[in-house]
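The block underneath contains the structure these notes are about, expressed in structure tokens.
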Amino acid sequence: MNNRIDFILGSLLVCLFLSNFGWSDDTALHNWGQWRGPLSRGVAPHAKPPTRWSEVENVAWKTDLPGLGHSTPVAWGDRIFLTTAIPIGEKLPPRYSGAPGAHDNAPITQRQSFVGLCVDRATGKIVWQRALHEALPHEGAHFSASLASASPVTDGQHIYFFFGSYGLYCLDYEGNTVWSKQLGTQNTKHGHGEGSSPVLHNNSLVINWDHEGQSFIVALDAKSGDEKWKVERDEVTSWASPIVVAHDGQDQLIVSGTDRVRSYDLKDGSEIWECGGLSANIVASPVAADGMVFAGSSYEIRAMLAIRLKGAQGDLTGTDQVVWTRIRSTPYVPSPLLYQGSLYYLRHYQGILTRLDARTGAEKNGPFRLGPIRDIYASPVAADGRLYFSDLDGTTLVISTDETPEVLAINRLDDSFSASPCLIGNEIILRGNRRLYCLKNNNQE
């Protein structure tokens, strides 16, 4: 009897997952179509990636990449997609934005070719490489960032490459441009660059455009690129990506910002609720499950908010719709991970991990020091009862989900990882500054 109940509950959960993303079967759950995976929370529910690897162990292939990009690869079926920016032409004298904090920026010395790449998942061969735009960027990026930091999104039929100020492009699987759109010019805080990734739900492609001008969020028809709706936002620059959550028959578009985390009706852009309490310089994206949304930040203010969706209307700041809050060790660059009823997040971008009961906010034990990893810009991911953390030094730490997590492996590669891992099948796809790696257990088919 218990097995039958477990099966029914499992089937209902799968249906709920699929309703969040608009697919009629579980194909999406077996792929990694957007930067935080099929559930927008860093989890691959069917993947069984390897635990251990090195430059010579469990490497299915590794491919040198042109240019530089920190966008997370997305994978669907036998194809992997990613973006990059390739310097072209003659070097020019360095230009800086002149804004406060500009000393942290990489100088602009060359025109850039903004490129979409398609890679064969079985061999690592670059199937096609499409130069989608060329420009001398009007501003650079933080020295730790890139000019191709927004991750693509795919539904298995089309790929959407987003370069912010340098355009949005819909391509088919053969690399042909279906449509393209220019949304304007972003002027980011301190000239630190652009990075929010699009979200795709059914036939709506949504872009968050928070910058130092008039910010907005816009929903486009994914098939044609036509605008469905556009709503201005009273926000400054953020780098967080939106998520879509289905709740009580309504698709809510949720995005974190400096002033507020807000929910919009995906149908028409009308605001459903808002909640204050985050800091400036929002980078981490929210996650959601089981009628709850979790949004965090760590800059001059440290905050993690757990918001109940049932009954959420209007301004929720200071109300009991905020089920619990945390004000210590909250995330800055990496986004939280929501897995098996636990909320995991890193302190700022350091190797100190907090694990909370997502429902109550209780911390049974911890925080946990993650040993040899540090300077973590990639967001953590999970599959098959394991958590994966990659850092700028080329190390990926794999730990268990035990009450006291066990270190399962410390894996080092000759690269630097800012992009979040992509989990699909029995593989983990890691995008470094120089190479794309496919890591797979040698004894698995």
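The values are calculated or read from the model by the stated rules, or taken from the named source; none is laboratory data. Bear in mind the structure is a predicted one, so any value in this text is a computation, not a measurement. We place every Cβ from the backbone using ideal geometry, glycine too, and count neighbours over all the protein chains shown.
Can you go through Arg374, Arg386 and tell me which one is among the basic types (Lys, Arg) and at pLDDT below 95?
Details: Arg386 fails: at pLDDT below 95.
It is Arg374.
Take the stretch 294-318 and flag every residue that is under 18 Å from Val199 (Cβ atoms) and under 16 Å from the mean Cα position of the chain (by Cα).
So in the stretch 294-318, the residues under 18 Å from Val199 (Cβ atoms) come out as 294-295, 309.
Phe294, Ala295, listed by residue number.
Can you list residue pairs whose Cβ atoms sit under 6 Å apart, with the first residue in the stretch 107-127 being under 15 Å from Pro152 (Cβ atoms) and the second being part of a strand (DSSP E or B) and modelled with pLDDT under 95? Count only pairs 6 or more apart in sequence or on different chains.
Close Cβ pairs (under 6 Å, with a partner that is part of a strand (DSSP E or B) and modelled with pLDDT under 95) do not exist here.
Considering the stretch 295-340 alone, what residues qualify as being among the aliphatic types (A, V, I, L, M) and either out of contact with any strand residue (DSSP E or B) (no Cβ under 8 Å at 6 or more places or on another chain) or closer than 22 Å to Arg36 by Cα (or both)? First the steps, then the outcome.
First, the residues of the stretch 295-340 that are among the aliphatic types (A, V, I, L, M): 295, 301, 303-307, 309, 312, 316, 322-323, 327, 333, 337-338.
Listed by number, the residues that qualify are Ala295, Ile301, Ala303, Met304, Leu305, Ala306, Ile307, Leu309, Val333, Leu337, Leu338.
Only one residue in Ala303, Ala280, Ala289 is closer than 16 Å to Ser215 by Cα, in contact (Cβ under 8 Å) with a residue 24 or more places away in the chain and of a type in the set (A, V, I, L, M, F, W, C). Which one?
Details: Ala303 fails: closer than 16 Å to Ser215 by Cα; Ala289 fails: closer than 16 Å to Ser215 by Cα.
Matching residue, one of Ala303, Ala280, Ala289: Ala280.
Considering each residue of the stretch 420-437, count those that are crowded, with 22+ Cβ neighbours inside 10 Å, closer than 21 Å to Ala122 by Cβ and either in contact with a Phe, Trp or Tyr (Cβ under 9 Å, 6 or more places away or on another chain) or small (Gly, Ala, Ser) (or both), and give that number. Please lay out each step first, then the result.
If we filter the stretch 420-437 for residues that are crowded, with 22+ Cβ neighbours inside 10 Å, which is where we start, we get 420-424, 427-431, 436-437.
Filter once more, keeping what is closer than 21 Å to Ala122 by Cβ: 421-424, 427-431, 436-437.
Pick out the ones that are also either in contact with a Phe, Trp or Tyr (Cβ under 9 Å, 6 or more places away or on another chain) or small (Gly, Ala, Ser) (or both) and you get 421-424, 428-431, 436-437.
Residues that pass the stated criteria total 10.
Would you please name the residue that is surrounded by the most Cβ atoms within 10 Å (Cβ to Cβ), looking only at residues in the stretch 152-165 that are farther than 15 Å from Gly69 by Cα and free of Cβ contacts under 8 Å to residues at least 60 places away in the same chain?
If we take residues in the stretch 152-165 being farther than 15 Å from Gly69 by Cα and free of Cβ contacts under 8 Å to residues at least 60 places away in the same chain, then Ser165 is surrounded by the most Cβ atoms within 10 Å (Cβ to Cβ).
How many residues are buried (at least 16 other Cβ atoms within 10 Å of the Cβ), closer than 21 Å to Leu183 by Cβ and small (Gly, Ala, Ser) when one looks only at the stretch 118-151?
The number of residues fulfilling the criteria is 8.
Being charged (D, E, K, R), within 23 Å of Ala358 (Cα to Cα), out of contact with any Ser or Thr (no Cβ under 9 Å at 6 or more places or on another chain) and surrounded by fewer than 20 Cβ atoms within 10 Å (Cβ to Cβ) is true for just one of Asp268, Asp290, Asp259, Asp251. Which residue is that? Write out each step before concluding.
Details: Asp268 fails: within 23 Å of Ala358 (Cα to Cα); Asp259 fails: within 23 Å of Ala358 (Cα to Cα); Asp251 fails: out of contact with any Ser or Thr (no Cβ under 9 Å at 6 or more places or on another chain).
Only one candidate passes the filter, namely Asp290.
Residue under question is Gly33, and the condition is that it be surrounded by 21 or more Cβ atoms within 10 Å (Cβ to Cβ), at pLDDT 95 or above and more than 14 Å from Gly432 (Cβ to Cβ); does it hold?
Details: surrounded by 21 or more Cβ atoms within 10 Å (Cβ to Cβ): yes; at pLDDT 95 or above: yes; more than 14 Å from Gly432 (Cβ to Cβ): yes.
Yes, satisfied.
Going through the stretch 338-377 one residue at a time, which ones are of a type outside the set (Phe, Trp, Tyr), closer than 12 Å to Pro405 by Cβ and surrounded by 20 or more Cβ atoms within 10 Å (Cβ to Cβ)?
Residues satisfying the conditions are Leu353, Thr354, Arg355, Leu370.
All but one of (1) within 16 Å of Arg36 (Cα to Cα); (2) in contact with a Pro (Cβ under 9 Å, 6 or more places away or on another chain) hold for Ala382; state the number of the condition that does not hold.
(2)
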